[in-house]
Amino acid sequence: MSQYILEARGLIKQFGGHLAVGGVDLRIERGHIHALIGPNGAGKTTVFNLLTKFLQPTAGTITYRGNDITRARAAEVARMGIVRSFQISAIFPHLTVLDNLRLALQRKLGTALHFWRNERSLDVLNERAEELIAAVGLTDYTHAVAADLSYGRRRALEIATTLSLEPELLLLDEPMAGLGREDIGTVSNLIATVGERYTVLMVEHNLSVVAALSNRITVMARGKVLAEGAYAEVSKDPEVRAAYMGAAHD
Ligand SMILES: Nc1ncnc2c1ncn2[C@@H]1O[C@H](COP(=O)(O)OP(=O)(O)OP(=O)(O)O)[C@@H](O)[C@H]1O
């Protein structure tokens with residue numbers, strides 16, 4: 001078994017005449033929290049869209065657990081265990097935390113019509129929902145309505161609904177976006193915990209969070225990979241500093 005759960009080679013995405021991703025190689029090691037960073041417009045979201053098959057690459061290959069998924073469909077790769085948070089795991093604001101989880105689990109089982117007839121399967125569902133709620137630290141909020149939760153707890157709920165799909169590779173799209181300082185600490189700790197069980201690839205602009213959480217980072221600028229490695233090394237790279245970190249820290 002390769003140490004890399006996902007490998008992208010020579011990824012290119014052209015939008016009309018615009019080269020959004022211009023030949024990106026990316027390797028995600030199993031068990032790592034890997035961050036994809038770079039200034040606005042670098043191509044990070046486009047890479048996420050290519051990996052999750054929301055977009056088809058103009059050229060290049062993507063291999064997941066040794067399988068070529070370059071031409072696979074989004075639903076297929078999700079079933080294979082590449083699950084993206086925040087875009088697809090919409091939560092229902094008027095439902096409780098428990099009901100959001102039950103719904104997410106029910107969707108996954110695809111037994112919407114028959115499910116509620118069988119009380120035992122309902123119990124199994126409740127048990128799993130409660131496990132997931134505990135895993136993201138929301139047990140005290142099990143019966144709270146999602147809309148009443150703080151932003152940080154809502155994000156925790158989003159992570160729980162994503163985990164309900166049993167991912168192997170979890171893609172987090174700017175998990176700190178819109179959070180206040182206190183919530184950043186909570187969600188950051190949660191990602192660290194989640195990272196003990198799952199491989200994580202995250203796009204994140206908050207460099208302190210990236211520095212604290214990531215085993216490895218890839219820096220993109222203008223559609224290309226500028227550098228890759230541990231945060232401590234990469235953050236010293238003059239080219240990276242000039243393109244991104246220097247600008248962010250000055
Ligand atoms: N659907 C599209 N059609 C045309 N151009 C696009 C499309 N999606 C992205 N682009 C362009 O591709 C480039 C890369 O965009 P992308 O959103 O991937 O960058 P990003 O690194 O995620 O930026 P940000 O940090 O601001 O989210 C940008 O110039 C953007 O305008």
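Bear in mind that the values in this text are calculations on the coordinates, not laboratory data. Note that the structure is predicted; figures quoted are calculated from it, not measured. Don't worry about glycine lacking a Cβ; one is built from the backbone with ideal geometry, like all the others, and counts go over all protein chains shown.
For this structure, a couple of remarks:
- Amide H to amide H distances under 5 Å link residue 202 with 34, 35, 36, 172, where only residues 5 or more positions off or on other chains count and H is placed in the peptide plane.
- The alpha-carbon of residue 13 sits under 19 angstrom from the alpha-carbons of these lysines, leaving out residues fewer than 8 places away in its chain: 44, 53, 224.
- Working note: Karplus 6.51/-1.76/1.60 with θ = phi - 60° gives region 33-49 the couplings 9, 10, 9, 10, 10, x, x, 3, x, 5, x, 5, 5, 4, 4, 4, 5 Hz, where Gly and Pro are set to x.
- Taking all Cα pairs closer than 8 Å and separated by 6 or more residues, the relative contact order of the chain comes to 27 percent.
- For the pair residue 94 and residue 126, the difference between a 0.36 nm per residue extended length and the Cα-Cα distance amounts to 9.6 nm.
- Long-range amide H partners of residue 225 with built H, under 5 Å: 25
- Shape category assigned to region 1-96 from the gyration tensor of Cα positions, a/c cut at 1.5: oblate
- Proximal charge balance of residue 19 [Cβ under 12 Å; K/R count +1, D/E count -1]: +3
- Eligible aspartates and glutamates near residue 236 by straight Cα distance, threshold 17 Å, same-chain separation 8 or greater: 228, 250
- Residues with amide H under 5 Å from that of residue 59, placed H, sequence gap 5 or more: 12
- Dividing the helix sum by the residues of the chain, where each DSSP H run of 4 or more adds -39500 (n - 2.57), gives a mean residue ellipticity at 222 nm of -10000 deg cm²/dmol.
- Computed 3J(HN,Hα) for region 185-194, one whole-Hz value per residue from the Karplus formula 6.51 cos²θ - 1.76 cosθ + 1.60 where θ = phi - 60°, is x, 5, 5, 4, 4, 5, 5, 4, 5, 4, glycine and proline marked x.
- Calculated from backbone phi, Karplus (6.51, -1.76, 1.60) coupling profile of region 11-27 in Hz, x at Gly/Pro: 5, 10, 9, 10, 10, x, x, 9, 8, 6, 10, x, x, 9, 9, 8, 10
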